[in-house]
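Working notes, beginning with the structure itself.
Values quoted throughout were computed directly from the atomic coordinates according to the rules given, and no laboratory measurement underlies them. Model, not experiment: these values are computed from the prediction. Positions of Cβ are backbone-derived with ideal geometry, glycine not excepted, and every protein chain shown enters the neighbour counts.
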């Protein structure tokens, strides 16, 4: 069992290891990418990765404060569902409205890997593999469609 401080250090160690692992990987456009803090270049469209005690996840979060704007972007992403899934090679979970950890309404397109624990270093290879393949493929998808969101 980890103390709160130990758990925070272990999470930081994981993300540092993931960042170092991903550092030499160029983006789809050939540029250097900060994979951990991926920037879409569009305000309120966020690619977020997370790893916790029970699961790892990756998703596209639409965080527009105005509901109609968020739903418009969600519908735009939904119209690109086939392209997203063919480009990434994965099926995604689509949620038009969910509440985040801060009580804010967001739209979410995500994938979750269950039964992994970021505090267990033995799980790191499978978590890294899960996140790596998905963030790289999301980047490839985003390279194709981002101009349509500006």
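Figures for the structure shown
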read-out: Proxy reagent accessibility, fewest Cβ within 10 Å first, across 138, 78; value: 78, 138
read-out: Residues 132, 81, sorted so that the one with the fewest Cβ neighbours within 10 Å comes first; value: 81, 132
read-out: Helix 4-22 axis, angle to the chain major axis (alpha carbon atoms, nearest 10°); value: 60 degrees
read-out: Residues 86, 107, sorted so that the one with the fewest Cβ neighbours within 10 Å comes first; value: 86, 107
read-out: Förster-model FRET efficiency, 22 Å R0, residue 28 and residue 149, C-beta, rounded to 0.05; value: 0.90
read-out: Rg/Rg_ref, region 82-139, where Rg_ref = 2.2 N^0.38 Å and atoms are Cα; value: 1.32
read-out: Cα-based helix-to-principal-axis angle, 67-79 vs the chain, degrees rounded to 10; value: 90 degrees
read-out: Theoretical ellipticity at 222 nm over the chain - DSSP helices of four or more residues, -39500 (n - 2.57) apiece, nearest 500; value: -13500 deg cm²/dmol
read-out: Listed residues 139, 123, 50, most fluctuating in the chain (Gaussian network, C-alpha, under 10 Å); value: 123
read-out: GNM flexibility winner over the chain from 30, 41, 19 (Cα, springs under 10 Å); value: 30
read-out: Segment residue 90-residue 42, length gained on full extension (0.36 nm per residue, minus Cα span); value: 14.9 nm
